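The structure under discussion appears below in the form of structure tokens.
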């Protein structure tokens, strides 16, 4: 790809101090986002997908610390003392973020108009009146009815879907180049989810926005993303083109994830179930984190597998591409089929 | 596909069920007034059958589940459990009835008492209903139940914090099965679980259904899971049932515009297919059930809406064998 590189995350490592020990939330996460590209970041709770995004957005605070690696915006680091100052001008303006829960991420005591205008007044130096006018336009752009009336309403007067639209309006108010959307539709109903995803897709086309979409829902990724990175236990285990990965997943975890999700078309086959659960991130064992749940793991996997090219994707597995879940292997016993 | 002769007595029959909640409208001194959360719902669940109850937030699916179990009083209609009308049972009779129908809750983190060992939590219903005579007998039964849901015997002596979400949901299921119920109402049992763990619990529920001939009312908003586990599916919208049919006919030949919109909105995990799918838009405001308008509840968002829909609510009419729809234009 010859498109401009916006964001590079380079071997990033984030630790959280806890009473039980040091939680290695993410280790060795590397990502690249090009201009106008949508990257899906998929994983279960605790896989480190949100922490990765928070690190980019500068939202890691005590007890968490970035202990290794680098984050670069257009080639310039956002970390360290010099990076901090640069980061303040980039975050909120060039990089914007929306969160899962539109109920709690708006200030309940501020009107919609004031909250929306705040970023524009700070980053773009708009006057109050300018910001208000632009806020009204933005609310219209994200498909909210009666935008002028909304400006003087408070968050509690809006429904969940409407609040998420306000969040999106706020995020795009300073014309960012990258939008980080952390589970933007998880708290919403299915029909509202579809509307929000459509809105994101159309904004991306109109504004040439790059999006990092964090989700656990493989269907959401399939519809919106061009590339996808699958995370497990704080590491990216597979990354590549969305069609390739859904068609020919290389990592046993990705394969399992895709086959354990029932399809809307419906089959009467028993769902594949990945036994066990993700490992603790306190003192994780060396080697592949998926080994205890992997049907094709061997002693060799106790040595940490590197990211390696396979079939156009990059996979962190010694046996990339092996069909790990042959029919009958690791299915629930006595499942009746 | 599931077929049960119609001569078999249904485990559960719900006829014209309605539930009201009381609310205070504006003002401290204002009188509480009833809001109809559920209006004229009817369905049957046969032995060994799963009925999927689908709807978005506020559709009344949880209310329906609770009302069936008599945890909420019905304002109208009848609930018939194994041939007996239980709508107005009270006292000891109601207590005894509870052993036949059990509830599995959504959040496995909130639904287990953190200060009770698993043994005590699972044995509690056995003790309350006087089904065990001694602590030893209770322990034996609990170990048996834990084994049934795929947990080791030593789980009994531990506390909930030692278990993951999937394991806790297994414990919740074991507790629900302790009294050998005929009917289990599962309210979003897998929504709080991670994707890779969801399949474990869904498979477990299917295996238990086959082993114990359980009837399930499976309440969920995830249409893919509902298709996988259900034999029949009912769609609720704003407190009313808009469509009910065999699983495959509702998914392959939806009749109600809301069902169509809902199905088209579900993202599928297949990039090529998902990009091609046409979504049936349903714009407009979600109805406020506290201030209902006359007519069809979906009228404000429906692409087919006409004056008739705004004036009069459509009845649920059988359009094909076992397939009923409440829509003026599709029935």
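The values are calculated or read from the model by the stated rules, or taken from the named source; none is laboratory data. Just so it is clear, the structure is predicted and the values come from calculations on it, not from any experiment. Quick reminder, even Gly has a Cβ in these numbers, built from the backbone with ideal geometry, and neighbours come from all protein chains shown.
Observations on the structure shown:
- Just one residue in the set B:181, B:189 is in a loop (DSSP other than H, G, I, E, B), surrounded by 22 or more Cβ atoms within 10 Å (Cβ to Cβ) and in contact with a strand residue (DSSP E or B) (Cβ under 7 Å, 6 or more places away or on another chain); that residue is B:189.
- Any hit, segment A:103-123, residues being assigned to a helix (DSSP H, G or I), loosely packed, with under 13 Cβ neighbours inside 10 Å and modelled with pLDDT of 90 or more: no
- Test: residue in segment A:323-330 that is in the same structural domain as residue A:16 (by the TED database), in a loop (DSSP other than H, G, I, E, B), at pLDDT 90 or above and surrounded by fewer than 20 Cβ atoms within 10 Å (Cβ to Cβ): no
- Residues located in segment A:125-166, provided they are closer than 13 Å to residue A:111 by Cα and either out of contact with any helix residue (DSSP H, G or I) (no Cβ under 8 Å at 6 or more places or on another chain) or not in a helix (DSSP H, G or I) (or both): A:149, A:151, A:152, A:153, A:154, A:156, A:157, A:158
- Residue in segment B:237-246 that is over 30 Å from residue B:329 (Cβ atoms) and surrounded by 24 or more Cβ atoms within 10 Å (Cβ to Cβ) present: no
- Residues being touching a helix residue (DSSP H, G or I) at 6+ places or on another chain (Cβ under 7 Å) and within 12 Å of chain A (Cβ to nearest Cβ) are represented in segment B:179-191 by at least one member.
- Residue B:119 meets the conditions (1) surrounded by 15 or more Cβ atoms within 10 Å (Cβ to Cβ); (2) within 14 Å of another protein chain (Cβ to nearest Cβ) in every case but one. The failed one is (2).
- The criterion of at least 2 residues that are touching a strand residue (DSSP E or B) at 6+ places or on another chain (Cβ under 7 Å) and within 12 Å of another protein chain (Cβ to nearest Cβ) is met, among helices (runs of 4 or more DSSP H) falling completely within segment B:225-299, by B:247-252, B:257-265.
- Flag for residue A:228 being within 12 Å of chain B (Cβ to nearest Cβ), within 21 Å of residue A:308 (Cβ to Cβ), touching a helix residue (DSSP H, G or I) at 6+ places or on another chain (Cβ under 8 Å) and assigned to a strand (DSSP E or B): yes
- Residue in segment B:39-48 that is at pLDDT below 95 and assigned to a helix (DSSP H, G or I) present: no
- Within segment A:214-225, the set of residues being part of a helix (DSSP H, G or I) and within 18 Å of residue B:191 (Cβ to Cβ) comprises A:218, A:219, A:220.
- Looking across segment B:276-286, the residues that are touching a helix residue (DSSP H, G or I) at 6+ places or on another chain (Cβ under 9 Å) and modelled with pLDDT of 80 or more come down to B:277, B:278, B:279, B:280.
- Residue count for segment B:58-103 satisfying the condition of being more than 20 Å from residue B:219 (Cβ to Cβ), touching a residue at least 60 places away in the same chain (Cβ under 8 Å) and either in contact with a helix residue (DSSP H, G or I) (Cβ under 8 Å, 6 or more places away or on another chain) or not assigned by TED's automatic domain parsing to the domain that holds residue B:234 (or both): 1.
- Residue within segment B:147-161 that is touching a residue at least 40 places away in the same chain (Cβ under 8 Å) and either touching a strand residue (DSSP E or B) at 6+ places or on another chain (Cβ under 6 Å) or within 22 Å of residue B:62 (Cβ to Cβ) (or both) present: no
- Lone qualifier among A:201, A:181 - being within 13 Å of chain B (Cβ to nearest Cβ), at pLDDT 90 or above and within 25 Å of residue B:221 (Cα to Cα): A:201
- Scanning segment B:297-324 for residues that are surrounded by fewer than 19 Cβ atoms within 10 Å (Cβ to Cβ), within 20 Å of residue B:16 (Cβ to Cβ) and without any contact (Cβ under 8 Å) to a residue 40 or more places away in the chain yields B:312, B:315, B:317, B:318.
- Qualifying residue in segment A:187-198 (condition: within 9 Å of chain B (Cβ to nearest Cβ), assigned to a helix (DSSP H, G or I) and touching a strand residue (DSSP E or B) at 6+ places or on another chain (Cβ under 8 Å)): no
- Any hit, segment B:126-141, residues being on the phi > 0 side of the Ramachandran plot, assigned by TED's automatic domain parsing to the domain that holds residue B:169 and either touching a residue at least 40 places away in the same chain (Cβ under 8 Å) or touching a strand residue (DSSP E or B) at 6+ places or on another chain (Cβ under 7 Å) (or both): no
- Only listed residue being within 14 Å of chain B (Cβ to nearest Cβ) and part of a loop (DSSP other than H, G, I, E, B), chosen from A:305, A:292, A:278, A:286: A:278
- Residue in segment B:196-204 that is free of Cβ contacts under 8 Å to residues at least 24 places away in the same chain, crowded, with 21+ Cβ neighbours inside 10 Å and over 20 Å from the mean Cα position of the chain (by Cα) present: yes
- Residue within segment A:258-271 that is within 13 Å of chain B (Cβ to nearest Cβ), crowded, with 24+ Cβ neighbours inside 10 Å and either touching a residue at least 60 places away in the same chain (Cβ under 8 Å) or under 19 Å from the mean Cα position of the chain (by Cα) (or both) present: no
- Within segment B:215-224, the set of residues being more than 11 Å from the chain's Cα centre (by Cα) and at the interface with chain A (Cβ under 7 Å from one of its Cβ atoms) comprises B:223, B:224.
- Unmet criterion (only one of (1) at pLDDT 85 or above; (2) in contact with a helix residue (DSSP H, G or I) (Cβ under 6 Å, 6 or more places away or on another chain); (3) assigned to a loop (DSSP other than H, G, I, E, B)) for residue A:320: (2)
- Condition met for residue B:138 (more than 25 Å from residue B:14 (Cβ to Cβ), surrounded by 18 or more Cβ atoms within 10 Å (Cβ to Cβ) and more than 14 Å from every other protein chain (Cβ to nearest Cβ)): yes
- Counting the residues of segment A:231-252 that are facing chain B (nearest Cβ under 8 Å) and touching a strand residue (DSSP E or B) at 6+ places or on another chain (Cβ under 7 Å) gives 1.
- Among residues of segment A:27-65, those that are over 14 Å from the mean Cα position of the chain (by Cα) and part of a strand (DSSP E or B), counted: 5
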